[in-house]
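Beneath this line is the structure, given in structure tokens, with notes to follow.
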Amino acid sequence: MSARRYLAAFGLAGLGKGLLLPVLSLLLLSRGLDAGTLALATGAFALTVVLLELPSGMLSDRWGRRRVYLVAHTIGAAGDLVLAFTGQAFGGMMLLGAAAAFESGSLSSLFFQRWIDARGKETLPRAASWMNLLETGGLAVGALAGGAVGAAAPAFLLPYAPLLLARFALRLGALAAAAGIPADPPLPHAARRKPDGWRRMASNRPLILLLAGGVVLGAALGNLETYWQPHLEQLAGGYTPLLGVMSCISMFGAAAGMAIIGRFAARLRLEWVYAVFQLAVAGWLAVLGHITNLWGYVGGFGALYLCLGGSDLARTSMLQAAIPPAQRATVMSVDSLLCRLGAMLGSGAAAVALTYVGVPALWTGLGLVLAAGIGVQLLCGVTRTAGLSVKK
């Protein structure tokens, strides 16, 4: 199996996503939205993803994972053009939401399945490391480029259109890379109706625990992503260029954590790597808001994402080793959906909690909840099943 086309598609897609990260809200405001309708537009994106996440994963398993990936970027390209040349912000965001849902778990599930078939489960950390490094690196580079080009946006006749056209071109590159990958045949009709894979999955306690843990992780990280920027400005006494630096620190920190664990994965039990690094994430989250020194806060933020990268690599490898092949894309979509639902639930809980406490106390509470969740997983046996270990 040659991984080059897969990795090229992952890298180009990540680069395209990164281009809009620093300026998406400004782009939508330039298309006629105000503060109130901006929240509705981003909500339309999130709702579209949630509604299509699971159906798109099931379609990937049944119709073909490469096909669904090609459909995803075709829809996304249409969304880029709508946002670039029209004022239909809601329509554009819904198209981008549909593209995100269809992309989730499609080509990546095919990549992992063919990697396992060719090289075995024991090499999964290497596959996860390469995929995550290309995606995260693309996001980081794209965010830097998007911030630089976005600063000149008012000079263009159509603000931010060059960024959207650049992302459109990157989507075409990802489509070309994926089109050269051998197609996976649709799932045979008999296999679609066979319940054995689902029964095995439902009886796999560590897999269920990992999926459930994604809800707690999504709630914790969702609130961190929401409030780290205003908290940084509070420590800095106003706007600071460190906002852009911190975005890069999170991406490169996670990539570094993945690279470190990927380098030593053959000597480690990934179940314990997952548990230890998740507990480290919980610890940093609990104390981060109480760090009053600006540079200490920046360092703690980077350390948190370094630990998150290591735990994410271990978790991804464990999940891929446990998922039944016929349901791989569906389960990956379920995992993504649960993380998104966790973020939504966490946002609702934070809205209530922040009427009584500040952000530091909120983060401390979420850190304790995350640590408790890891404790429950340990007690229930997330580390005691050899089927999830990729270490021989």
Quick one: what are the phi-derived ³J(HN,Hα) couplings along the stretch 212-218, Karplus 6.51/-1.76/1.60 with θ = phi - 60°, whole Hz, x for glycine and proline?
5, x, x, 5, 5, 4, x
Quick one: if the Förster radius is 25 Å, what FRET efficiency do LEU165 and ALA39 give, using the C-beta to C-beta distance and rounding to 0.05?
0.40
Peptides 365-371, 290-296, 2-8: what's the order by average Cβ count within 10 Å, highest mean first?
365-371, 2-8, 290-296
Intensity falloff of the stretch 198-388 expressed as log10 I(q)/I(0), Debye formula with alpha-carbon point scatterers, at q = 0.09, 0.14 Å⁻¹
-0.34, -0.80
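List the relative contact order of the stretch 198-388 as a percent without decimals, with contacts defined as Cα pairs under 8 Å and 6+ residues apart.
44
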With charges set only on the Cβ (+1 for Lys and Arg, -1 for Asp and Glu), what does the dipole of the chain come to about its Cα centre, in debye to the nearest 20?
1520
Sort 72-82, 167-177 by the packing proxy (mean of other Cβ within 10 Å over each peptide's residues), most packed first.
72-82, 167-177
Would you compute, from DSSP H runs of 4+ residues alone, the mean residue ellipticity of the chain at 222 nm, taking -39500 (n - 2.57) per run and dividing by the full residue count, rounded to the nearest 500?
-27000 deg cm²/dmol
Kirkwood Rh over Cα pairs of the chain into Stokes-Einstein at 37 °C, 0.692 mPa s: D in µm²/s?
152
Positive end of the dipole of the chain, charges at C-beta (+1 Lys, Arg; -1 Asp, Glu), about the Cα centre: which of GLY18, VAL331, LEU124 has its Cα farthest in that direction?
LEU124
Final fewest-first order of GLU225, GLU53 on the 10 Å Cβ neighbour count is GLU225, GLU53
Above 19 Å lies some portion of the pair distances; for the stretch 101-150, what is it as a whole percent of all C-alpha pairs?
42
Among HIS231, GLY218, ALA84, the residue whose Cα sits farthest towards the positive end of the charge dipole of the chain (+1 at Cβ of Lys and Arg, -1 at Cβ of Asp and Glu, taken about the Cα centre) is GLY218
Let me know the charge dipole size of the stretch 198-388 about its Cα centre in debye, to the nearest 20, where only the beta-carbon of Lys, Arg (+1) and Asp, Glu (-1) is charged.
760
Against the 2.2 N^0.38 Å scaling, with N counting residues, where does the stretch 4-178 land? I'd like the Cα-based Rg ratio to two decimal places.
1.06
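Read the figures in this text as sums done on the coordinates, not as results from a lab. Computed from a predicted model, the values in this text were never measured in an experiment. Please note: Cβ atoms are built from the backbone with ideal geometry, for glycine as well, and neighbour counts cover all protein chains shown.
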